[in-house]
Every structure is written in structure tokens, then in C-alpha cells.
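The values are calculated or read from the model by the stated rules, or taken from the named source; none is laboratory data. Since the structure is predicted, the reported quantities are computational estimates derived from the model, not experimental observations. With ideal geometry, Cβ positions are generated from the backbone for all residues, glycine too; neighbour counts draw on all protein chains shown.
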Amino acid sequence: MSTTSINSAPASGGLRRRFGLREAITITAGSVIGVGLFTTGSNVVGTLGPAVILATLLALVVSIYPALLYGEMGAALPYAGGTYQFASLGLGRGAGVLAGWNFIISLVAVTGGEALAFSYYFRTIFLAFGVELPISDVVLASIVTLGFIAANLFGVELTGRLQNAFMFFFWGVAAIWFLTMIPNVHLPYFVQAPAFLPKTDALGFFSATCMIWWCFAGFEACVAMGEEIRFPRINIPRAMFLAPFVVFAVNALFQWYLIGITPAEHLTALSTAEAPFAEAMVSAGILGFPLALLAAGIAFGGDFSTLNASISTPPRYLFSMARDGSMPKIFAKTNRFQCPYVAVATLGVLTVALIATNSLMYIASLSLFADLFYYVIGIVAAWALRRRHPELERPYRAPLIAVGAPVSALIYLAMMTQLDREAFVTGIVWCVIGIAIYLVCSRRYGRGGEFSLDLKASGAADQPDPKERAAMDREYRIWVAVVAAACVLALALFILPYVAA
């Protein structure tokens with residue numbers, strides 16, 4: 001099947017396919033590894049102590065099957081817009097708009113939170129040497145956000161190069177920091193810590209797991225840029241197979257070090273710290289270069305990679321929705337770099353507005369509401385697409401969808417019950433605004449304003465030649481081996497203190 005039409009307009013306005021597997025993984029990982037891990041996710045360590053690994057494992061488990069569903073949908077329908085397109089075709093345009101609209105506010109919130117997290121750790125670089133910057137977190141966060149908005153206007157080629165640089169810088173600094181911190185890790189802290197922690201009941205553990213899961217939210221980020229990924233029917237499923245495990249390995253390794261370097265009597269202080277890793281190192285008396293190294297890796301690697309990815313991805317949703325006539329057409333305008341510049345600039349202004357709240361917990365809760373909501377829609381859309389469009393060519397099919405999809409949707413709905421009331425209300429208001437704009441636009445543009453993409457003409461159906469396919473397979477095997485080794489190492493490190501005891 002060479003052409004899949006969501007609507008009836010002529011095929012035009014597609015984006016260029018420039019990203020390979022590496023970019024698909026680094027953009028996805030970069031959208032996830034950042035603000036959650038180094039702020040609110042690490043706050044959970046102050047509540048659960050070493051038991052945080054159980055919450056992280058549970059967060060991984062509830063992420064794997066939805067990632068497989070996105071691998072199936074992303075390969076079958078490699079559009080810009082991801083869940084918006086899947087839900088529009090599977091459930092109807094209204095559901096698609098709700099999904100896309102919530103994806104947008106989710107990553108806009110991530111961007112705002114990430115910018116604030118950057119300001120916390122950027123300050124730490126100077127504080128490590130006794131210098132305090134005379135600038136507020138809000139101003140610093142806004143400046144760096146505007147810088148990334150400007151960079152994104154130059155298109156995905158620059159975005160992709162920056163993303164690779166930030167992610168590999170982060171992993172390089174992390175590896176150096178891991179090695180230099182080994183002498184500062186105290187295995188008895190893993191055994192002693194529970195005695196210093198408040199008692200956590202089942203509901204409290206579930207709530208903490210939800211916050212840890214926020215560190216996984218965005219595992220399907222590259223799917224939103226489906227029109228810009230080369231050989232998407234191969235690369236998108238592979239990226240989706242790997243993404244949750246990449247996130248798990250990075251989170252678990254950093255959690256292990258955080259517990260290992262924090263004196264047990266100071267562990268609970270992490271639950272309210274703005275920069276938990278900096279708090280841990282200061283409480284352990286680890287200052288100077290080691291503290292500056294960690295802060296630089298988080299700020300210029302983890303935070304920058306998430307800022308870059310989370311600023312570039314939501315505009316593709318808004319672009320796709322505008323191109324279809326579900327949002328004002330002005331958001332479908334692109335510049336000579338094929339960047340939806342109006343969408344980038346508009347969402348940038350919204351990001352700065354969230355930064356101005358200077359409340360990372362509120363931003364995290366708002367993002368969590370939107371994440372869970374659009375994932376529920378996406379999961380149901382995967383099941384609906386199987387029923388309504390069995391003719392779609394699916395290079396990959398998620399197993400046991402009749403069981404996996406409803407169970408995953410129910411789990412995510414249960415997680416929504418743990419959200420803060422203020423963020424929940426804001427999320428509902430955001431949904432109402434989105435539907436209102438959609439109704440106005442659908443009346444103004446009608447069906448004739450919609451868009452369809454010729455998958456064959458877009459390059460989605462292209463297949464690599466044998467030599468390139470062999471290189472792609474080799475690259476994928478290397479990724480699998482490295483990610484599997486990292487996951488095994490992380491689990492082994494959490495078991496080690498109990499074996500050594």
C-alpha cells in the first residue's frame with residue numbers, strides 16, 4: 001500500500017527524511033533524560049531510599065508495552081504529529097486533537113521545567129567554587145530557552161547535530177563522574193537507609209512510582225518527527241524497543257550513585273531539594289571539581305539535550321494539526337530551513353510563561369496529566385487502528401494487543417488519580433481551549449483544509465540497499481548490546497550492597 005490518506009487534500013507539504021536510528025534514539029532519550037531524573041525523580045530517592053529501584057523497575061514495565069504500540073503505529077504511519085495522526089485515523093479527529101494538544105502542553109511543561117533545572121545546576125557549577133551568580137532562576141531559564149528557540153529555527157539538521165553532541169557529552173561526563181565517584185560510594189548506606197526514612201504505604205509507593213514514571217514519559221518522542229526519519233519502518237520500531245531500557249539504565253545508575261554518596265542521615269533532605277545531586281554531594285563534603293563536573297554534565301548535557309528535543313518536537317504536532325486545518329493555518333508556515341517557525345516561536349512564549357511560575361512541582365504535575373492523557377488516547381488508538389484499518393501495512397505488530405492495550409490504558413488512568421488538583425484543573429482547562437480552537441478551525445477550513453501524505457512519495461516506503469541495511473543492522477546490534485549491558489550493570493549494583501553485607 002503506497003498511499004494512506006487521513007483526509008482528502010492533495011499530498012504536499014511533507015518534511016525531509018534526514019534522521020537515522022542514532023538521532024531517533026538520542027532525540028527520544030534527550031526528551032526524557034533530564035528534568036525528571038535530576039529533580040523530581042531524584043526527590044523520590046529521599047522518600048523511598050534504595051527501594052527506588054523497585055519503583056523504577058515498575059515504571060519501566062508499564063512503559064514497555066505502550067512503546068511497542070508506538071513502534072507499530074510509527075512504522076505504519078510515519079507522519080509528523082505522532083499520536084495526533086494515529087488517534088485522528090483510529091478514533092476521529094476530535095480525539096486526535098485532544099491527544100496532540102496534550103502532547104504539546106506536556107513537552108512545553110517539560111521545557112519549562114528543564115530550563116529551571118538547568119538554572120539550578122548551572123548555579124551549582126559556580127557554587128562549587130564559592131561563587132553565587134547575581135541572576136534569578138527565572139531569568140536564567142528564560143534566556144537559555146530563547147537561545148534554543150533561536151537554534152531550532154535553523155531546522156532539523158542543526159537540531160540533530162546538537163542533540164547528538166549534547167547526549168554524547170552527557171554520557172561522556174557521566175562515565176567520568178561515575179568512575180571518580182566510586183571511592184565516595186558507601187555500600188552500607190543502601191542497607192542502613194531504610195531506618196532513616198518515613199514509612200511509605202502502598203498508596204505512597206504508587207504515587208512515588210508515578211513521579212518516577214514521569215522520567216520515562218516521552219519515550220515515543222521520535223515518532224512525532226516521523227516524516228523526518230529515514231527508513232521509518234525499520235528505525236522507528238527499533239528506537240521504540242530500545243528507548244524505555246535506555247531511560248531505565250540511566251535513571252537506575254544515577255539513583256545508585258545518589259544513594260551511595262548521600263549520608264543516610266541526610267537522605268530525607270533530598271525529597272525537597274531543588275538540585276538533589278548537588279545537595280547529596282554537598283552533604284557528603286564533595287565540592288570543587290567533582291561537583292562542578294557533575295553540574296556541567298547535567299546542565300550542558302542532560303538539560304540541554306532535553307531542552308533541544310522538547311523545543312523541537314511539539315511544534316511538529318502543532319504544524320501537523322495546522323496543516324490538517326485543526327488549528328490556525330499560520331502554524332503550518334515553514335521557513336527556508338523547513339522549520340515551522342511560527343509554531344516554534346508561539347510555543348516558546350508559552351514555555352517562558354510557565355517558567356515564570358517558578359514552580360517545578362506544578363510544572364511536573366501538569367506535564368504528568370498531559371502525558372498520561374495523551375498516552376491513554378494513543379494506546380486506545382492503536383487498538384482502534386487494528387480494527388478500523390486492518391489494511392495498513394504494519395512492518396511491526398505489537399503482540400497481544402487485545403489484552404495489552406486495555407490493561408495499559410487502565411494503568412495510566414489509575415496513575416492520573418495521583419495528580420495534584422491544581423495541575424489537574426489546569427489540564428482540563430487546556431483541553432477545553434484546544435477543543436474550542438479546533439471547532440472554530442474546522443468550521444472555518446472545512447474538510448477541504450485538511451492534508452494527506454503520500455507515503456511512497458515521502459520516502460516512508462523506501463528500503464535501504466543491502467550494504468546500508470547491513471550497516472543499520474550492525475548499528476542496532478551494538479545499541480542492543482550496550483543498552484542490555486547497562487541495564488544488567490544497574491541491577492547488579494543495587495544487589496551488590498546486600499551481597500557484600
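Could you run through segment 121-133 and say how many residues are in a helix (DSSP H, G or I), of a type in the set (Phe, Trp, Tyr) and more than 24 Å from the chain's Cα centre (by Cα)?
1
Could you tell me how many of the residues in segment 415-427 are closer than 30 Å to Arg386 by Cβ and loosely packed, with under 13 Cβ neighbours inside 10 Å?
Residues flagged as closer than 30 Å to Arg386 by Cβ and loosely packed, with under 13 Cβ neighbours inside 10 Å within segment 415-427 amount to 1.
Considering each of Ala67, Ala24 in turn, give the residue that is part of a helix (DSSP H, G or I), of a type outside the set (Asp, Glu), buried (at least 21 other Cβ atoms within 10 Å of the Cβ) and modelled with pLDDT of 80 or more.
Every option except Ala67 fails the conditions.
Counting residues that are of a type outside the set (Phe, Trp, Tyr) and surrounded by fewer than 24 Cβ atoms within 10 Å (Cβ to Cβ), which helices (runs of 4 or more DSSP H) fully inside segment 276-317 reach at least 2?
Fully inside segment 276-317 and qualifying: 276-283, 289-297.
What do you reckon, is Leu91 at pLDDT 80 or above, within 30 Å of Glu393 (Cβ to Cβ), surrounded by fewer than 24 Cβ atoms within 10 Å (Cβ to Cβ) and over 22 Å from the mean Cα position of the chain (by Cα)?
yes
For segment 271-291, how many residues meet the condition of being farther than 16 Å from His186 by Cβ and small (Gly, Ala, Ser)?
5
Which condition does Leu158 not pass, out of (1) over 26 Å from Phe86 (Cβ atoms); (2) touching a helix residue (DSSP H, G or I) at 6+ places or on another chain (Cβ under 9 Å); (3) modelled with pLDDT of 85 or more, if it passes all the others?
(3)
Answer with yes or no whether Gly71 is out of contact with any helix residue (DSSP H, G or I) (no Cβ under 8 Å at 6 or more places or on another chain), more than 21 Å from Asn152 (Cα to Cα) and not aliphatic (A, V, I, L, M).
no
Pick from Ala29, Ala55, Ala51: which is touching a residue at least 60 places away in the same chain (Cβ under 8 Å), surrounded by fewer than 24 Cβ atoms within 10 Å (Cβ to Cβ), among the small types (Gly, Ala, Ser) and under 30 Å from Tyr257 (Cβ atoms)?
Just one listed residue meets the conditions, Ala51.
Kindly indicate whether any position in segment 222-231 is out of contact with any strand residue (DSSP E or B) (no Cβ under 9 Å at 6 or more places or on another chain) and assigned to a helix (DSSP H, G or I).
No, there is no match, as no residue in segment 222-231 is out of contact with any strand residue (DSSP E or B) (no Cβ under 9 Å at 6 or more places or on another chain) and assigned to a helix (DSSP H, G or I).
Does segment 405-456 hold any residues that are among the polar types (S, T, N, Q) and either modelled with pLDDT under 90 or in contact with a Cys (Cβ under 9 Å, 6 or more places away or on another chain) (or both), and which are they?
Thr417, Gln418, Thr426, Ser442, Ser452, listed by residue number.
This table checks each residue for (1) over 22 Å from the mean Cα position of the chain (by Cα); (2) farther than 27 Å from Gly288 by Cβ; (3) in contact (Cβ under 8 Å) with a residue 12 or more places away in the chain; (4) part of a loop (DSSP other than H, G, I, E, B).
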position: Ile135; (1), (2), (3), (4): yes, no, no, yes
position: Ala141; (1), (2), (3), (4): no, no, yes, no
position: Val144; (1), (2), (3), (4): no, no, yes, no
position: Ala150; (1), (2), (3), (4): no, yes, no, no
position: Arg161; (1), (2), (3), (4): no, yes, no, no
position: Phe169; (1), (2), (3), (4): no, no, yes, no
position: Met181; (1), (2), (3), (4): yes, no, yes, no
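Just to be sure before I move on: is Gly113 part of a helix (DSSP H, G or I), at pLDDT below 90, under 14 Å from the mean Cα position of the chain (by Cα) and among the small types (Gly, Ala, Ser) in the structure I sent?
Yes: the conditions hold for Gly113.
Would you point out which residue out of Pro134, Pro78 is of a type outside the set (A, V, I, L, M, F, W, C) and surrounded by 23 or more Cβ atoms within 10 Å (Cβ to Cβ)?
Step by step, each of Pro134, Pro78 is checked, and only Pro78 is of a type outside the set (A, V, I, L, M, F, W, C) and surrounded by 23 or more Cβ atoms within 10 Å (Cβ to Cβ).
Residues of segment 75-95 being more than 10 Å from Tyr317 (Cβ to Cβ) and outside any loop (DSSP other than H, G, I, E, B), which ones?
Those that are more than 10 Å from Tyr317 (Cβ to Cβ) and outside any loop (DSSP other than H, G, I, E, B): Ala75, Ala76, Phe86, Ala87, Ser88, Leu89, Gly90, Leu91, Arg93, Gly94, Ala95.
Which residue out of Ala492, Ala470, Ala402 is small (Gly, Ala, Ser), under 19 Å from Phe231 (Cα atoms) and at pLDDT 90 or above?
None of the other options fit; the residue is Ala470.
When the residues of segment 218-239 are filtered to those that are under 26 Å from Leu491 (Cβ atoms) and more than 12 Å from the chain's Cα centre (by Cα), which remaining residue is surrounded by the fewest Cβ atoms within 10 Å (Cβ to Cβ)?
So the residue we want is Arg238.
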